[in-house]
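I have placed the structure first, in the form of structure tokens, so that the comments after it can refer back to it.
The values are calculated or read from the model by the stated rules, or taken from the named source; none is laboratory data. For clarity, every value in this text was computed on a predicted model and none was experimentally measured. All Cβ positions, glycine included, derive from the backbone under ideal geometry; neighbour counts span all protein chains shown.
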Amino acid sequence: MVELDLAGAELKAVLNRLRRAQGQISGVIRMIEEGRDCEEVVMQLAAASRALDRAGFAIIATGLQQCVADMEAGRSNGEDAEQMRARLEKLFLSLA
């Protein structure tokens, strides 16, 4: 398992995306409670979904970079290249 170790700027960017998504989701809830137009609600929900996807991709990209660095350093925790590839593929597909 690769631990999440985001550098300062990367961590800040991911947290900003997640906070933006959190605000958008709160906005969607408020819009539904107010009986707002369906198209507006869906557009806001799509924006929140994109923000979450981008945060997930940033986390996966950082994890991939760390995996490659670990492999190069010979610290793959007993995991061979095929196992690591399968695990990373599963992570990417979880966001698809």
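Values as computed for the structure displayed
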{"quantity": "So E3, is it modelled with pLDDT under 85, of a type outside the set (K, R), in a loop (DSSP other than H, G, I, E, B) and surrounded by 12 or more Cβ atoms within 10 Å (Cβ to Cβ)", "calculated": "no"}
{"quantity": "Residues located in the stretch 35-58, provided they are under 16 Å from L18 (Cα atoms) and either touching a helix residue (DSSP H, G or I) at 6+ places or on another chain (Cβ under 6 Å) or touching a residue at least 60 places away in the same chain (Cβ under 8 Å) (or both)", "calculated": "Q44, L45, A47, A48, A51, L52, R54, A55, A58"}
{"quantity": "In the stretch 73-88, residue surrounded by the most Cβ atoms within 10 Å (Cβ to Cβ) [restricted to those that are under 17 Å from T62 (Cβ atoms) and at pLDDT 70 or above]", "calculated": "M84"}
{"quantity": "Check on A61, over 18 Å from L95 (Cβ atoms), modelled with pLDDT under 95 and either out of contact with any helix residue (DSSP H, G or I) (no Cβ under 9 Å at 6 or more places or on another chain) or surrounded by fewer than 16 Cβ atoms within 10 Å (Cβ to Cβ) (or both)", "calculated": "no"}
{"quantity": "Of the criteria (1) modelled with pLDDT of 95 or more; (2) farther than 26 Å from L11 by Cα; (3) part of a helix (DSSP H, G or I), which one R36 fails", "calculated": "(3)"}
{"quantity": "Single match in A46, A51 (criterion: more than 16 Å from V14 (Cα to Cα), at pLDDT 85 or above, out of contact with any Phe, Trp or Tyr (no Cβ under 7 Å at 6 or more places or on another chain) and of a type outside the set (K, R))", "calculated": "A46"}
